[in-house]
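The structure under discussion appears below in the form of structure tokens.
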Amino acid sequence: MFGISAKRIFRSGMQNFFRNGIVSLSSILVMSITLFIMTSIIILGGFLNYSLNQVRNKVDVNVYFVTGAADTDIFSLQKSLEALPEVSSVQYVSSDQALADFKSKHQNDELTLQALDELGDNPLGAVLNIKAKDPSQYAGIATFLDNTESQTLSEGGTNIIDTVNYAQNKVVIDRLSGIIKSVNIIGIWFAIIFVLVSLIVTFNTIRLTIFMAKDEISVMRLVGASNSYIKGPFIVSGLLCGIISSILILIIFAAITFVVNHYYNSYFVGFDLFQYYIANFLEIFAIIFGSGIILGCISSYLAVQKYLKG
Amino acid sequence: MIVFDKVTKVYPDGTVALEEASLTIEPKEFVSIVGHSGAGKTTLAKMLLAEEKPTSGNIFYESLDINKLRKQDIHYFRRKIGTVFQDFRLLPNKTVYENISFAMEMSGRDDEEISSDVPHVLDLVDLTNKAYNFPHELSGGEKQRVAIARAIVNQPDIIIADEPTGNLDPINTNEIIQILKKINDLGTTIILTTHNKGVIDALGKRVITMENGKIIRDDKNGRYVLYK
């Protein structure tokens, strides 16, 4: 009995869906717009994250050592820095390497290179480049460096640290932390508002399509149809609408990301849209497909329910 | 057997649609209910279908008190009654065949029964060649015949025909009445509401006359005597 009913409900839902071509098409369009907005938000979120990370990675704190500081002292400081939970990486650049870097940076600047040669000695000290896990944590690292000054005295009693450029970077770091925070908050609110509005629009569209069928519903009731038998086909139609729109949107986005990536890649500072879409496809698929189905079914269910009271 | 026992219906706005109406309809009877618009004919029909509840009084079908039916049982009860309306009330997105098979699906018939019974009733109302047309492709008379086919396909005990000929020309009207008569001859109770004098006079069956919510006349072999 259940098998027969399920089959009939499904068949009837399919029939309604295809015979009401224009109505189904408009529901699909509206739902597609909702899903389009959702997908855009997901991808935009990915892009935002990527670019913030890019900027974040460019920020660091550099510890410049005096020339002639012993490597062992520097390494012990590097070790204690790496032990800090806020630190994500500490990169050691020896004074020779620093010189080589400097030379290659100024290879077209004869004057500077000449001046360097005049000096004879390597004027550059070793450097530790410290990256924090989060920009807001640089302050903590700087304090740590201040407090451990006693440890950084060389045997001769002079401080091996020449300068820590935290103070100069501080303004940039603070501003960046602020921007990241507010962009995240604004982004989440925008996403919530957009998704909410489009959900309401979709829900109302489906409600309208069912409103048009309200005479049909009353006929079904008169013929003696049980409530579940009346609801069933509408929910099947909603389901179909959700499935078709979500597949449509997933395909459209594959095309969009591919094309945008191909022609406008330079606007995205190295962010590979298509790659991101493909890499996160399963997650996006689950969200979009799931939302489409849930939206279609729940809207239909609630809309029909209204005409089954009494 | 259907019994209306002192049924009164007052709508929330104070309109009295039925006042202390009592009547008994025997099985296999053909009863016509006549009266002006607003006399209470449709309200009477709606109450029998459990679409409206009486303000006071009881309606029985056999030993079943219709007003005491639980909500989830109403659709089982409605399957015992076939309905035909002035505005046909067909499902616009279903073909003639599907409109009829839909009613059978509702009552849980299996596919074999459906494929043997639907052609049978289509033949009875002479619509075999329109089985795969949609309602908007049919004339008024044809639509009403589909509605009748749908009403009888589950072999209900009763058929309520509420102004079934209201939208039809005299030839189609006569056709519909002949079909209803044929169904009655096969053993189904028919309750027909109408204000078509010709129909009533041609039938020569029981006529109940209503006015302002009251039953004012009940004739065994009635004629239409409303407009004195």
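The values are calculated or read from the model by the stated rules, or taken from the named source; none is laboratory data. Fair warning: this is a prediction, and the values are worked out from it, not measured in the lab. Backbone-built Cβ (ideal geometry, glycine too); neighbour counts: all protein chains shown. Accessible surface areas use protein heavy atoms only, side chains included; no ligands, DNA or RNA. Shrake-Rupley method; radii C 1.70, N 1.55, O 1.52, S 1.80 Å.
Does the stretch B:60-74 contain any residue that is assigned to a loop (DSSP other than H, G, I, E, B), of a type in the set (A, V, I, L, M) and away from every other protein chain (no Cβ under 14 Å)?
Looking through the stretch B:60-74, none of the residues is assigned to a loop (DSSP other than H, G, I, E, B), of a type in the set (A, V, I, L, M) and away from every other protein chain (no Cβ under 14 Å).
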Determine whether the stretch B:171-184 contains at least one residue that is closer than 30 Å to A:Arg19 by Cα and open to solvent by 10 Å² or more (accessible area, probe 1.4 Å).
-> yes
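Hey, among B:Ala161, B:Ala151, which residue is surrounded by 17 or more Cβ atoms within 10 Å (Cβ to Cβ), within 21 Å of B:Gly35 (Cα to Cα) and small (Gly, Ala, Ser)? It would help to see each step written out before you state the result.
Details: B:Ala151 fails: within 21 Å of B:Gly35 (Cα to Cα).
None of the other options fit; the residue is B:Ala161.
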Only one residue in A:Val236, A:Val259 is assigned by TED's automatic domain parsing to the domain that holds A:Met14, in a helix (DSSP H, G or I) and closer than 24 Å to A:Phe17 by Cβ. Which one?
-> A:Val236
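Quick check on the stretch A:252-264. Is at least one of its residues closer than 30 Å to B:Ile74 by Cα and open to solvent by less than 70 Å² (accessible area, probe 1.4 Å)? Let's see the steps before the verdict.
Taking the stretch A:252-264 first, the residues closer than 30 Å to B:Ile74 by Cα are none.
No: zero hits.
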Hey, does the stretch A:113-123 have a residue that's farther than 18 Å from A:Lys58 by Cβ, in contact with a helix residue (DSSP H, G or I) (Cβ under 7 Å, 6 or more places away or on another chain), part of a loop (DSSP other than H, G, I, E, B) and at pLDDT below 80?
-> yes
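Yes or no, residue by residue, for (1) of a type in the set (Lys, Arg); (2) modelled with pLDDT under 90; (3) open to solvent by less than 60 Å² (accessible area, probe 1.4 Å); (4) not in a loop (DSSP other than H, G, I, E, B):
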{"site": "B:Lys6", "(1), (2), (3), (4)": "yes, no, no, yes"}
{"site": "B:Lys9", "(1), (2), (3), (4)": "yes, no, yes, yes"}
{"site": "B:Asp13", "(1), (2), (3), (4)": "no, no, no, no"}
{"site": "B:Ala21", "(1), (2), (3), (4)": "no, yes, yes, yes"}
{"site": "B:Ala39", "(1), (2), (3), (4)": "no, yes, yes, no"}
{"site": "B:Thr42", "(1), (2), (3), (4)": "no, yes, yes, yes"}
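If I go through the stretch B:198-224 residue by residue, how many of them are without any contact (Cβ under 8 Å) to a residue 24 or more places away in the chain and either within 18 Å of B:Gly166 (Cβ to Cβ) or open to solvent by 60 Å² or more (accessible area, probe 1.4 Å) (or both)? Talk me through it step by step, then tell me what you get.
We begin by selecting, within the stretch B:198-224, every residue without any contact (Cβ under 8 Å) to a residue 24 or more places away in the chain; these are B:201, B:204, B:216-217, B:219-221, B:223.
Pick out the ones that are also either within 18 Å of B:Gly166 (Cβ to Cβ) or open to solvent by 60 Å² or more (accessible area, probe 1.4 Å) (or both) and you get B:201, B:216-217, B:220-221, B:223.
Residues that pass the stated criteria total 6.
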Consider A:Leu222 carefully, then state whether it is closer than 30 Å to B:Leu49 by Cα, in a helix (DSSP H, G or I) and either free of Cβ contacts under 8 Å to residues at least 24 places away in the same chain or in contact with a His (Cβ under 7 Å, 6 or more places away or on another chain) (or both).
-> yes
Residue list for the stretch B:78-91, restricted to those being more than 7 Å from chain A (Cβ to nearest Cβ) and within 21 Å of B:Asn129 (Cα to Cα) = B:Phe88, B:Leu90
Is one or more of the residues making up the stretch A:19-31 more than 30 Å from A:Gly296 (Cβ to Cβ), at pLDDT 80 or above, away from chain B (no Cβ under 14 Å) and surrounded by fewer than 17 Cβ atoms within 10 Å (Cβ to Cβ)?
-> no
Wholly within the stretch B:119-210, helices (runs of 4 or more DSSP H) carrying at least 1 residues that are within 15 Å of the chain's Cα centre (by Cα) = B:140-152, B:170-185
Please enumerate the residues belonging to the stretch A:90-112 that are open to solvent by less than 60 Å² (accessible area, probe 1.4 Å) and over 18 Å from A:Val63 (Cβ atoms).
-> A:Ala100, A:His106, A:Asp109, A:Thr112
Out of all the residues in the stretch A:302-309, is one or more under 21 Å from A:Val55 (Cβ atoms), part of a helix (DSSP H, G or I), in contact with a helix residue (DSSP H, G or I) (Cβ under 6 Å, 6 or more places away or on another chain) and touching a residue at least 60 places away in the same chain (Cβ under 8 Å)?
-> no
Under 6 Å by Cβ, and 6 or more places apart or on different chains, what pairs join a residue from the stretch A:114-142 that is closer than 17 Å to A:Ala98 by Cα with one that is loosely packed, with under 13 Cβ neighbours inside 10 Å?
-> A:Asn129/A:Gln91
Scan the stretch A:246-277 for residues that are of a type in the set (A, V, I, L, M), more than 25 Å from A:Ile28 (Cβ to Cβ) and either touching a Leu at 6+ places or on another chain (Cβ under 8 Å) or free of Cβ contacts under 8 Å to residues at least 40 places away in the same chain (or both) and jot them down.
-> none
Among residues of the stretch A:62-89 being hydrophobic (A, V, I, L, M, F, W, C) and buried (at least 17 other Cβ atoms within 10 Å of the Cβ), the residue modelled with the lowest pLDDT is A:Ala69
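Tally time: how many residues in the stretch A:200-227 are basic (Lys, Arg) and within 12 Å of chain B (Cβ to nearest Cβ)?
Quick first cut of the stretch A:200-227, residues basic (Lys, Arg) only: A:207, A:214, A:221.
The next check asks that each one be within 12 Å of chain B (Cβ to nearest Cβ); those that pass are A:221.
Count: 1.
Here's the yes/no breakdown for (1) within 23 Å of A:Ser226 (Cβ to Cβ); (2) modelled with pLDDT of 90 or more; (3) not hydrophobic (A, V, I, L, M, F, W, C):
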{"site": "B:Gln86", "(1), (2), (3)": "no, no, yes"}
{"site": "B:Thr95", "(1), (2), (3)": "yes, yes, yes"}
{"site": "B:Glu98", "(1), (2), (3)": "yes, yes, yes"}
{"site": "B:Met106", "(1), (2), (3)": "yes, no, no"}
{"site": "B:Ser115", "(1), (2), (3)": "yes, yes, yes"}
{"site": "B:Val118", "(1), (2), (3)": "yes, yes, no"}
{"site": "B:Lys130", "(1), (2), (3)": "no, yes, yes"}
Working only within the stretch B:101-118, note down all residues that are facing another protein chain (nearest Cβ under 9 Å) and assigned to a helix (DSSP H, G or I).
-> B:Phe102, B:Ala103, B:Glu105, B:Met106, B:Asp111
